[in-house]
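**Student:** The structure's right below; bear with me while I get my questions together.
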Amino acid sequence: MLIHSFAKLNLALAIINKRPDNYHNLNTLFERISLGDKIILKTRRDKLIKIHCSAQGVPRDKANLCWQAARLLQDKFGIEKGLDIKIIKRIPVAAGLGGGSSNAASVLLALNKLWKLKLSKSRLAALGVQLGSDVPFFIYNAPFAQGQGRGEKIRPLDKLHKVKLWHILVTPKIHVSTPLVYKEFDAFSGLTKPASNVKIIISKLAKKNPLFKPGLLFNSLEPVTLKLYPEVGRIKAKLKRLGLRNNLMSGSGGAVFAIVASKEEAVRVARRLKKEQATWRAFAVSTI
Ligand code: ATP
């Protein structure tokens, strides 16, 4: 069974507060994008779950979120079969693009069918959030959705179903540690509150008006990641020099994206960056 597993961007990410369970309440706007991994699932007769992946930084043991997703369903529903899971990675790892969470959601959705579990989306999302805060977004499989709580309260934005954005997306070679970014955020940042930006962005998108004024796109974690990983700031500065002032970091970073006017512009900027900046990866991606 071949499955596709797409990445996400956070068009906005506002941290509202820290909760007693140490997670943070967020208000975020997710976008599913055309950059994705492929996953191939094959049934095994024994009960083992084996991960096959050659990408650097992706664990091949039980730390892999695909392994955890499969084991969760195996245990909960007494499944006696095992799985070979091959991951063909294209989504940069630990970049704020939700690759691991997306892979976990794809495996949950596929096994729900393969093992005829008949679980609803909300049940799968409730199981998925145990694996990662971004898993529920990918379970709902919507191009745009608002996420609240720790990101697990998902409201798919059906009114945006005709909106297709183009982006230039740039990732540094470094891997960003999400726990470290949140730790630093808790230690040094005052809480910022432009949660209302999410509402404004949604209404602008609904009016097909996606080239926002600089400053509207917002991510509470960006200043913290910029301090910890200066390379991310160099990407932002480069995009600014190319006239893309309205760029933003996704998730806890270090991927940085900008909304551009057309596919041609996205491809042109991606080509140029690939030539000029060998240590970065650059992609032309769209909403999917
Ligand atoms: P986070 O959810 O931590 O913000 P991210 O979106 O920035 O993650 P991921 O690509 O999901 O980045 O990688 C985060 C970490 O998850 C990696 O460092 C890796 O060790 C681990 N990981 C586990 N399973 C996977 C997987 N299937 N694909 C990628 N990374 C995985």
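**Student:** Evaluate the distance, in nm, between pseudo-label points positioned 7 Å from the Cα of residue 199 and of residue 76 along their respective Cα→Cβ axes.
**Tutor:** 3.4 nm
**Student:** A further question on this structure: Can you give the extra length, in nm with one decimal, that the chain gains between residue 276 and residue 88 once fully stretched, where that is 0.36 nm per residue apart less the Cα-Cα distance?
**Tutor:** 65.0 nm is the gain from fully extending residue 276 to residue 88.
**Student:** Taking square-rooted eigenvalues a ≥ b ≥ c of the alpha carbon gyration tensor, is the stretch 1-49 rounded, prolate or oblate, where a/c under 1.5 means rounded and, failing that, a/b exceeding b/c means prolate?
**Tutor:** Judged from the Cα gyration tensor, the stretch 1-49 comes out oblate (a/c at least 1.5, b/c at or above a/b).
**Student:** Order the peptides 128-135, 175-182, 57-64 from the highest to the lowest mean number of other Cβ atoms within 10 Å of their residues.
**Tutor:** Ranked from most to least packed, the peptides come out as 128-135, 175-182, 57-64.
**Student:** Here is a follow-up. Ignoring ligands, DNA and RNA, what accessible area per residue does the stretch 166-286 give at 1.4 Å, in Å²?
**Tutor:** 51 Å²
**Student:** Largest first, please: the extent of the C-alpha atoms of the stretch 2-158 along each principal axis, to the nearest Å.
**Tutor:** 47, 32, 31
**Student:** Residues of the stretch 2-158: accessible area per residue at 1.4 Å, in Å²?
**Tutor:** Details: 6900 Å² over 157 residues.
Averaged over the residues of the stretch 2-158, the accessible area is 44 Å².
**Student:** To continue, here is another question. From the square roots a ≥ b ≥ c of the eigenvalues of the alpha-carbon gyration tensor of the stretch 166-286, which class results: rounded (a/c under 1.5), prolate (a/b over b/c), or oblate?
**Tutor:** Judged from the Cα gyration tensor, the stretch 166-286 comes out oblate (a/c at least 1.5, b/c at or above a/b).
**Student:** Quick check: net charge around residue 287, other residues with Cβ under 11 Å of its Cβ, Lys/Arg +1 and Asp/Glu -1?
**Tutor:** Around residue 287, the charge tally is +3.
**Student:** If you don't mind, there's one more thing I want to ask. Please report the relative contact order for the chain, taking Cα pairs under 8 Å with a sequence separation of at least 6, and give it as a percent rounded to a whole number.
**Tutor:** After rounding, I find 23 percent.
**Student:** Now for a separate question. Summing Lys, Arg as +1 and Asp, Glu as -1, what charge do residues with Cβ under 15 Å from the Cβ of residue 175 carry, residue 175 excluded? Don't skip to the end; give the middle numbers.
**Tutor:** Working: positive: 89, 173, 281; negative: 231.
Surrounding charge for residue 175 is +2.
**Student:** When Lys and Arg each count +1 and Asp and Glu each count -1, what net charge do the other residues less than 11 Å away from residue 251, Cβ to Cβ, add up to?
**Tutor:** -1
**Student:** Hey, got a sec? Which chymotrypsin sites (Phe, Trp or Tyr not before Pro) in the stretch 13-94 land in a DSSP loop and have at most 16 other Cβ atoms within 10 Å?
**Tutor:** 23
**Student:** With no solvent and one equal point scatterer per Cα, compute the Debye intensity ratio I(q)/I(0) for the chain at 0.10, 0.15 Å⁻¹ and report its log10, rounded to two decimals.
**Tutor:** So the normalised log intensities work out to -0.52, -1.16.
**Student:** Leaving ligands, DNA and RNA out of it, report the carbon-plus-sulfur percent of the accessible area of the chain at a 1.4 Å probe. Each step should come with its number before you reach the end.
**Tutor:** On the way: 7180 of 13750 Å².
Here it works out to 52 percent.
The values are calculated or read from the model by the stated rules, or taken from the named source; none is laboratory data. The shown structure was predicted, so the numbers you read here are calculated from the model rather than taken from an experiment. Heads up, the Cβs are rebuilt from the backbone with ideal geometry, glycines too, and the neighbour counts pull from every protein chain shown. With ligands, DNA and RNA removed, areas are computed over all heavy atoms of the protein, side chains included. Shrake-Rupley method; radii C 1.70, N 1.55, O 1.52, S 1.80 Å.
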